[in-house]
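The values are calculated or read from the model by the stated rules, or taken from the named source; none is laboratory data. Owing to the predicted nature of the structure, the values given are computational and were not obtained by experimental measurement. All Cβ positions, glycine included, derive from the backbone under ideal geometry; neighbour counts span all protein chains shown.
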């Protein structure tokens, strides 16, 4: 069951390169009229353009005289907003001809009267340099915790391949021409299940809304196999839980399907340690990171599928521990609290082996008993089938033995003590 979802063109202007974000962190000038605390409210790590492994996407072909409409769920609300764009993997500059932001009704439809023109250095058009990211100017737009926003990006000229986030579990829409301010959304007649170019939404809160929590990991953090457009990923469920308790907190999803901690991959992103700088440290106000990664290292070392996964020697628990220790060290060097999460049962998954499962058990024992993480979330204990602790509970299993169901993702969020964060 889906959760309830919550124009005029601008004159041509000169192309402007503005508000570039360095990969070491935000280096842009403060947006005009920002009068509060900027915090991240939604994020999706960028990935290299690639052919779709599980569903088609538009990242390789890019866009030409197209409007791309994307809907996201915030974790905290505010009174101003700005978006973050990525051309990290681009080999040439990416020209954006215009953008808008609005509150969502449903599908590609937006709330009448809520649409705002997004600018970059007060201009509609902007160039995102190859290898770079940038922020838009701030706009006045009141939003609520776990509210829904729709962002429309218009590309008047051919872009070539674009950065994207493969597994969005959310529908993105495409139209020919400039439809940034189309309220009904009827022109958006094509769709995919990926996000494009946009990698973050920040909001200004009137006071101190609490420091941000980053959920960092692989497809289980990314919410793969959760119900499309229902926002049932575990980070979403965690944000909703805290908002319902009157303690809204920024929760940023830095999961990438297929991601690993020991090795890069062409289709599943750089290894977790490499991603930290861009996907965690460059986010505003991050104080806690929940790390759940390693199951793909185990599984894919036993069964190297798909072709973008290079064969490796079978992974050991000692290798995983060493990689996690490096992540802990780097988080602590930034004054960030490191919360480790045990790897979920995966018996029945396509890459399950008894040897691999033993590695998982050894790693989880280290994580629980070593005291090296500042705190531990024991997802394994919550998610395991009482009749067979190496399997997911049947009602928590999406059906592939690896990824949780909607109920399973809710149980993961319920396993996290907000005071731990």
Pair list, Cβ under 6 Å, 6 or more apart: region 358-376 residue in the same structural domain as residue 346 (by TED's automatic domain parsing), other residue modelled with pLDDT under 95 and assigned to a helix (DSSP H, G or I): 375/420
Test for residue 184: is it in contact with a helix residue (DSSP H, G or I) (Cβ under 6 Å, 6 or more places away or on another chain), part of a loop (DSSP other than H, G, I, E, B) and not assigned by TED's automatic domain parsing to the domain that holds residue 281: no
Of residues in region 300-322 being crowded, with 21+ Cβ neighbours inside 10 Å and at pLDDT 95 or above, the one nearest to the chain's Cα centre (by Cα): 320
Some residue of region 58-72 being closer than 21 Å to residue 135 by Cβ and modelled with pLDDT under 80: no
Index of the failed condition, residue 184 passing every other in (1) under 23 Å from the mean Cα position of the chain (by Cα); (2) modelled with pLDDT of 95 or more: (1)
Matching residues, region 380-401, being in contact with a strand residue (DSSP E or B) (Cβ under 8 Å, 6 or more places away or on another chain) and farther than 16 Å from residue 361 by Cβ: 393, 394, 396, 397, 398, 401
In region 259-274, residue farthest from residue 304 (Cα to Cα) [restricted to those that are crowded, with 22+ Cβ neighbours inside 10 Å and modelled with pLDDT of 95 or more]: 272
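For (1) crowded, with 19+ Cβ neighbours inside 10 Å; (2) assigned by TED's automatic domain parsing to the domain that holds residue 40; (3) over 26 Å from residue 240 (Cβ atoms), each residue gets a yes or a no:
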{"site": "87", "(1), (2), (3)": "yes, yes, yes"}
{"site": "92", "(1), (2), (3)": "no, yes, yes"}
{"site": "102", "(1), (2), (3)": "yes, yes, no"}
{"site": "117", "(1), (2), (3)": "no, yes, yes"}
{"site": "123", "(1), (2), (3)": "no, yes, yes"}
